[in-house]
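Student: Structure in structure tokens, see below.
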Amino acid sequence: MSLVNTDAPPELLVVQDFSLRFRGAPSDQINHVSFSVSAGKTLCIVGESGCGKSVTSLAMMGLLPVGAAQINSGQMLFEGQTLNLADPKAMRKIRGSRMTMIFQEPMSSLNPVFRIGDQIVEAVKAHCDATDAQARDRAVAMLQRVGIPAPEKRMRDYPHQLSGGMRQRVMIAMALVNDPALLIADEPTTALDVTIQAQILELIRDLQAETGMGTIMITHDLGVVAEIADTVAVMYAGTVVETGPAERIFNDPQHPYTIGLMSSIPQLTGARGRLSTVPGMVPTAQNMPTGCRFATRCPFARPVCATEPPLVEAGDGHQVACHFAPLEIKLKESA
Ligand SMILES: Nc1ncnc2c1ncn2[C@@H]1O[C@H](COP(=O)(O)OP(=O)(O)O)[C@@H](O)[C@H]1O
Ligand code: SF4
Ligand SMILES: [Mg+2]
């Protein structure tokens, strides 16, 4: 009997045991992170600000500032190729073609001094030997596909001539023009108003259905996760604390952090009126607790939590890193 589950779709990307420490930091900001995504599916990486979502995705793209961080472990299996996360050169080779990324702020991808048409044409030509005319046709078709009206005319616009939502569409066009196998979207709708946010999510979902690409959606917004995730990885302080199929995470969350994120009502706290969902702050490398990184905010913390809880299987690919998962049973036993 084969132990391989042949019904499961093949994984497009597997990240294994990724750990990273910024220079001079006393502890690792990213701590043994693993996750995977299948072709045509969406993995949502969710967690509060400062949990390591962006750092993880930038490392996967080979985009971390050179010399800023030491990658202590980690490999990435992408389309059958194993890449060492400590070797950004290897990641750069696939960046922009097989694997692309979009950001919260489109201006970080778009150059303000060039026409958007020329920028998309350049993106095409950087990865294949299309003629100018072919690259142009592809750029116009792509702008049309992302819902830009009068794309021929818009090709001549500079980024500042477009609204925020339209700029985001142009960035998506540029990211998808080379038909990538994987799109990483880092909070792409956070800066947009709610209506435009919904339109952009729908656009990403439609393009994904059309092309079969895998998507990693990075967000701090559980509403976005509920909308589009097939699978979820909940990150806290640089660690994946819970992961699994989206319906399992929503219907039966097991980690106290996930439960807190889901049950708490956003409240305005602090001088700047920041939205906070779970009381307390994400620790930084300077004040990282030993053992479970959530212990300083966890209502269930016990002495055993001074040792790091491993990520263990809770059934159907649902995994949890808490000494007391499943909570309802284990807490009763320990009472
Ligand atoms: N260039 C950097 N130098 C030092 N620390 C950094 C740098 N970039 C990010 N960090 C730290 O790494 C942690 C994770 O940050 P980040 O990935 O941006 O979080 P998220 O995207 O989840 O909001 C934070 O503690 C942040 O302060
Ligand atoms: S291991 Fe302990 S501190 Fe960490 S989440 Fe579980 S109960 Fe809370
Ligand atoms: Mg971020």
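The values are calculated or read from the model by the stated rules, or taken from the named source; none is laboratory data. The model shown is predicted, which means the values in this text are computed figures rather than measured ones. Methodologically, a virtual Cβ is constructed for each residue, glycine included, from the backbone with ideal geometry; neighbour enumeration extends over all protein chains shown.
Student: Give the stretch 193-224 a look and list any residue that's small (G, A, S) and within 16 Å of ligand 3 (Cβ to nearest atom), or say none. Walk me through how you get there before you give the answer.
Tutor: Our first condition is that a residue be small (G, A, S); within the stretch 193-224, this holds for 198, 209, 212, 214, 223.
None - no residue of the stretch 193-224 is small (G, A, S) and within 16 Å of ligand 3 (Cβ to nearest atom), so the list stays empty.
Student: Inspect all residues belonging to the stretch 225-240 and state whether any of them is within 27 Å of R293 (Cβ to Cβ), in a helix (DSSP H, G or I) and within 16 Å of ligand 3 (Cβ to nearest atom).
Tutor: Yes - at least one qualifying residue is present in the stretch 225-240.
Student: With respect to the numbered conditions (1) buried (at least 19 other Cβ atoms within 10 Å of the Cβ); (2) touching a residue at least 12 places away in the same chain (Cβ under 8 Å); (3) of a type outside the set (S, T, Y), which one is the sole condition not fulfilled by L83?
Tutor: (2)
Student: On to the next question. For residues in the stretch 184-200 being closer than 20 Å to G40 by Cα and touching a helix residue (DSSP H, G or I) at 6+ places or on another chain (Cβ under 6 Å), which is nearest to ligand 1 (Cβ to nearest atom)?
Tutor: The extreme case among them is D186.
Student: Regarding P106, is this residue in contact (Cβ under 8 Å) with a residue 12 or more places away in the chain, surrounded by 20 or more Cβ atoms within 10 Å (Cβ to Cβ) and not charged (D, E, K, R)? Walk me through how you get there before you give the answer.
Tutor: Values: in contact (Cβ under 8 Å) with a residue 12 or more places away in the chain: yes; surrounded by 20 or more Cβ atoms within 10 Å (Cβ to Cβ): yes; not charged (D, E, K, R): yes.
Criteria met by P106.
Student: Go through A209, A181 for me and flag whichever is modelled with pLDDT of 95 or more and more than 16 Å from ligand 1 (Cβ to nearest atom).
Tutor: Details: A209 fails: modelled with pLDDT of 95 or more.
Result: A181 is the single residue among A209, A181 that is modelled with pLDDT of 95 or more and more than 16 Å from ligand 1 (Cβ to nearest atom).
Student: Do you know which residues across the stretch 47-75 are surrounded by 22 or more Cβ atoms within 10 Å (Cβ to Cβ), on the phi < 0 side of the Ramachandran plot and not in a loop (DSSP other than H, G, I, E, B)?
Tutor: Answer for the stretch 47-75, where residues must be surrounded by 22 or more Cβ atoms within 10 Å (Cβ to Cβ), on the phi < 0 side of the Ramachandran plot and not in a loop (DSSP other than H, G, I, E, B): K53, T56, A59, M60.
Student: For the stretch 294-307, which positions are near ligand 2 (Cβ under 8 Å from one of its atoms) and under 26 Å from the mean Cα position of the chain (by Cα)?
Tutor: F294, A295, C298
Student: Within the group Q199, Q208, which residue is of a type in the set (S, T, N, Q) and closer than 16 Å to M142 by Cβ? First the steps, then the outcome.
Tutor: Details: Q199 fails: closer than 16 Å to M142 by Cβ.
When all the criteria are applied, what remains is Q208.
Student: In the stretch 16-46, what residues are in contact with a Gly (Cβ under 8 Å, 6 or more places away or on another chain) and either of a type in the set (S, T, N, Q) or not in a strand (DSSP E or B) (or both)?
Tutor: To start, the set of residues in the stretch 16-46 that are in contact with a Gly (Cβ under 8 Å, 6 or more places away or on another chain) comprises 16-20, 23, 28-31, 33, 37-43.
Hits for the stretch 16-46 are Q16, S19, R23, D28, Q29, N31, S38, A39, G40, K41, T42.
Student: May I pose another question? Is it fair to say T190 is of a type in the set (S, T, Y) and assigned to a loop (DSSP other than H, G, I, E, B)? Even if it seems obvious, please write down each step before you answer.
Tutor: On the way: of a type in the set (S, T, Y): yes; assigned to a loop (DSSP other than H, G, I, E, B): yes.
In short, yes.
Student: Part of a helix (DSSP H, G or I), assigned by TED's automatic domain parsing to the domain that holds G117 and touching a strand residue (DSSP E or B) at 6+ places or on another chain (Cβ under 6 Å): is that true of M171 in this structure?
Tutor: Values: part of a helix (DSSP H, G or I): yes; assigned by TED's automatic domain parsing to the domain that holds G117: yes; touching a strand residue (DSSP E or B) at 6+ places or on another chain (Cβ under 6 Å): yes.
Yes, satisfied.
Student: Another question about this same structure. Here's a check for you: in the stretch 112-144, which residue that is outside any helix (DSSP H, G or I) and not charged (D, E, K, R) is modelled with the lowest pLDDT? Steps first, please.
Tutor: At the first step, the residues of the stretch 112-144 found to be outside any helix (DSSP H, G or I) are 112-115, 128-131.
Filter again for not charged (D, E, K, R), leaving 112-114, 128, 130-131.
Values: P112: 95, V113: 96, F114: 97, C128: 87, A130: 92, T131: 95.
Checked the stretch 112-144; the qualifying residue modelled with the lowest pLDDT is C128.
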